[in-house]
1. In terms of modelled amide H atoms, which long-range or inter-chain residues lie less than 5 Å from the amide H of Met288?
2. Over 5 Å intervals from 0, what percent of Cα-Cα pairs in segment 87-141 sits in each interval?
3. Can you give the local net charge around Leu138? Use residues other than it whose beta-carbon is closer than 11 angstrom to its beta-carbon, Lys and Arg +1, Asp and Glu -1.
4. Taking R0 as 51 Å, what FRET efficiency do you get between Met304 and Ser116 from their Cβ-Cβ distance, rounded to the nearest 0.05?
5. Of the heavy-atom accessible surface of segment 101-217 (probe 1.4 angstrom), what whole percent is carbon and sulfur?
6. Can you tell me the accessible area per residue over segment 68-166, all protein chains present, probe 1.4 angstrom, in square angstrom?
7. Normalise the Cα radius of gyration of segment 203-293 by 2.2 N^0.38 Å (N = residues in it) and let me know the number.
8. 5 Å is the cut-off here: which amide hydrogens, built 1.01 Å from N in the peptide plane, fall below it relative to Ser96, excluding neighbours closer than 5 in sequence?
Amino acid sequence: MRIGDMARMSLSNLWKRKVRTLLTVMGVVIGTCAIVVMISLGLGMQKTMQDSLAQMGDLTVIQIYNYNSTPDSEPLDDSMLEQIRAIDHVTALTPSYDPTYWGAFQIESGKYVYSSNITGVDMDALEAFGYQVQEGALPTSENGNYEGIVLFGSDALYNFYNPKKSQNTWVMQQAGEDPPVNVMEDKLTAVIQKDDSENSKKAPTHKLTCSGILVSDWNKNPTPYGVFMDVDYMRKLEQEYVKLNNIKEDKNKKFSYSTVVVKVDDMDNVAEVEEAIHALGFSDTNSMETIRKPLEEQSRQQQMIFGGLGAISLFVAALGITNTMIMSIYERTREIGVMKVLGCVVGNIRAMFLMEAGTIGFIGGVIGLGLSYLISFLINTFGGGATGSIYDVGGIGIGGVSIIPWWLALGALAFATLVGLVSGFSPANRAVKISALTAIRQE
């Protein structure tokens with residue numbers, strides 16, 4: 001018997017018993033719809049959770065703190081940064097270096113002075129960390145030399161002051177006035193400071209060029225609130241300060257950065273990179289992984305519960321398919337006997353009943369999937385999924401968004417069909433074991 005003939009016979013047999021077939025299909029529809037909608041709600045909760053965490057900071061960033069280092073511990077110096085940079089999945093890193101000698105130098109422009117919030121960073125890493133400029137451009141260098149290049153945060157433009165008179169630049173900013181210094185056009189100079197006014201040495205000065213003005217983003221670390229300067233250039237200026245003021249430094253003291261920020265290629269690899277950093281001896285780290293991981297585990301458990309509730313409905317539907325196929329065999333016993341007498345292959349009889357069971361599962365899956373999309377649309381439109389929240393986890397609102405990705409739709413359709421085939425397997429085997437003579441005698 002050809003496959004086409006078996007398919008026509010299967011559909012014909014299902015159509016002859018329309019009410020029974022419809023009721024059985026409805027069970028599959030309810031089961032499929034329950035699974036898809038439940039899992040889609042779990043996926044929506046997970047996405048909303050990740051969006052909420054993303055608003056709190058970059059999920060792929062690890063901060064290394066080295067404030068409690070001892071003389072015997074490995075220094076977090078440039079050579080150690082190279083080891084961290086070589087860790088798999090690390091795409092970039094930068095120190096967040098505050099001057100060792102506070103006030104060692106200041107930025108001057110005419111009568112105005114800037115001396116606060118100057119941070120040393122790796123200029124090559126800024127693009128990888130997602131820093132953006134509202135004016136100008138991020139600096140680039142073929143040989144890694146960024147001497148004299150600075151970046152101003154948009155909020156730092158009002159931190160210039162005139163030391164000879166009182167001037168509240170904060171009031172200027174609130175009033176919408178222009179900053180006192182146009183950092184992109186006005187002359188900027190780094191001036192090394194003297195600790196002693198009687199010091200007769202000439203204070204070194206260096207011309208600075210502002211490459212761009214950074215977009216304000218408090219979620220980034222280092223925060224682009226002040227001024228960014230190349231970390232090597234900043235340390236060079238500090239050494240000039242030490243030399244100018246005859247400061248004696250402890251030559252046995254190892255230089256070590258206090259804070260380093262590491263960028264990972266994907267948030268799923270953050271935990272692995274963080275463990276590798278701990279293995280290097282730096283256990284004081286911080287990342288969004290400490291918040292994301294327990295929330296994601298809780299979300300996964302909720303998805304399993306939701307999916308389990310839907311699976312129960314589909315299991316009940318599977319029992320309905322089995323019952324329908326068994327009843328069909330009892331009603332068609334004589335037909336099965338005739339097919340055997342006419343020489344129909346036993347495998348064809350089994351395939352025909354499996355095809356009927358699979359068709360019930362497939363039709364129920366298609367209708368259930370369509371109904372799931374409708375319910376998902378209604379939830380997202382009228383259920384407050386986009387703006388409201390139905391859960392609150394760790395203080396973060398989890399919206400009731402329903403998301404049905406393509407893999408869930410195809411998986412649900414395949415699973416419903418598979419449930420039909422599995423449910424029909426036992427009745428199909430029973431059909432092929434019926435004796436042909438006994439079946440023909442049956443009225």
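1. Those qualifying (amide H under 5 Å, at least 5 residues apart or on another chain) are Val61.
2. Spelled out per bin, shortest first, that is 4, 14, 18, 19, 21, 15, 5, 2, 1, 0.
3. -2
4. That pair, Met304 with Ser116, gives E of 0.50.
5. That fraction is 42 percent.
6. 51 Å²
7. Relative to the 2.2 N^0.38 Å estimate, segment 203-293 comes out at 1.48.
8. Residues meeting the amide H criterion: Thr259, Val260, Val261.
The values are calculated or read from the model by the stated rules, or taken from the named source; none is laboratory data. If you're wondering where the values come from, they're calculated on a predicted model, not measured in any experiment. Please note: Cβ atoms are built from the backbone with ideal geometry, for glycine as well, and neighbour counts cover all protein chains shown. Surface areas here come from the heavy atoms of the whole protein model, side chains and all, with no ligands, DNA or RNA. Shrake-Rupley method; radii C 1.70, N 1.55, O 1.52, S 1.80 Å.
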